[in-house]
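First the structure, in the form of C-alpha cells, and then the observations on it.
The values are calculated or read from the model by the stated rules, or taken from the named source; none is laboratory data. This structure is a prediction, so every number in the text was calculated from the model and none was measured. Because the Cβ atoms are built from the backbone with ideal geometry, glycine has one as well, and the counts that use them run over all protein chains shown.
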Amino acid sequence: MPAEPALGFGPYLVYPATCSIVENGRPLRLGRRAFALLLVLLENAGCVIAHYNGEYEKAASRLRQLFEAASRHSIPLFADWAQHYAGVMRCTGLPLPTTPASGLVRDIVMTLGGSQELASQRAGSSATGWCAPEWLRIEACQLLERGSEGGEAESQLSRALELARRSGALAWELRCATTLARLWRDQGLVAPAREMLASVYARFEEGFATPDLKAARECLATLG
C-alpha cells in the first residue's frame, strides 16, 4: 500500500499522488491516465461545479463520461457516485443507484438539490463539515414548507448565515441570505431584507449567470 495520504471512501482508499486505488487492502490496477480522468470527472471541476454553474448539458455529459469510465475500469465506487448524481441532475441514460446515498455523496447530492428524504436523515444532527450551512438552510426550508412558524426557520437561517460567514463560504452565504431575504420580505421586513442580501451579493465579482446569483438578483428585484 502506498505510503502517502489517502482519501477514504467506504472499502476504498484513493491515493492521488500515485494514482492508485486500494479496495479492502487489495490494490486495483488502473493506469495513470484513466485514474486522472476519473478524478477530474468526479471532483468539482468535472460535473458538480458545472451543475452549480448552471451548465447542465456539460454536467450531464461529464457525468456520463464518469459512469462509462468507472464501469470500463471496474471501479463501482465511482460508478455509484455517478448514479446518485444523475438522479438529482436529471441526467438520463444511467441506471438508478441500488443503495441509498451516504456520507460525502449524500452531502453533495443535497447541495445539488436532493430529495427531502435525504435531508431528513441529517435533520436534528450537529451541523458540521463543509456544507453545514446548506444543510441548515435546507432544514429551514422544510420547516416553512410544513407550515411551521417563521421564527424557528428564521433562527435556523440566521445560524446558517453566520456559520457560512465564519467559514468564508460565500456561495453558501448567498443561498442562506437569499432564503432569509424571501422570508423577511414575506413578513413585511423589506428594507432589512434588501440591505442584508445586497451586502452579500455585492461581494461577488463573477459568476453572475449562475443559478444562485440569478435567484439572488431576482429576489432583490422584488425588494425594490
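Residues that are surrounded by fewer than 18 Cβ atoms within 10 Å (Cβ to Cβ) and at pLDDT below 95 are absent from the stretch 213-222 altogether.
Against the test of being free of Cβ contacts under 8 Å to residues at least 40 places away in the same chain and closer than 19 Å to LEU223 by Cβ, the options LEU180, LEU163 yield a single qualifying residue, LEU180.
Matching residues to (1) part of a helix (DSSP H, G or I); (2) closer than 24 Å to TYR56 by Cβ; (3) assigned by TED's automatic domain parsing to the domain that holds GLU162:
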residue	(1), (2), (3)
ARG185	yes, no, yes
GLY188	no, no, yes
ALA191	yes, no, yes
PHE208	no, yes, yes
ARG217	yes, yes, yes
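The residues of the stretch 196-212 that are surrounded by fewer than 14 Cβ atoms within 10 Å (Cβ to Cβ) and either more than 21 Å from the chain's Cα centre (by Cα) or at pLDDT 95 or above (or both), listed by number, are SER199, ALA202, ARG203, GLU205.
Checking each residue in the stretch 91-128 for being modelled with pLDDT of 80 or more and exposed (fewer than 13 other Cβ atoms within 10 Å of the Cβ) picks out THR92, GLY93, PRO95, LEU96, THR98, THR99, PRO100. Among the residues of this structure, TRP172 does not count as one that is among the aromatic types (Phe, Trp, Tyr) and more than 20 Å from PRO211 (Cα to Cα). Residues in the stretch 65-81 that are part of a helix (DSSP H, G or I) and in contact (Cβ under 8 Å) with a residue 40 or more places away in the chain were compared, and the one that is nearest to GLY46 (Cα to Cα) is PHE78. Of all residues in the stretch 169-195, those that are crowded, with 18+ Cβ neighbours inside 10 Å and among the polar types (S, T, N, Q) total 2.
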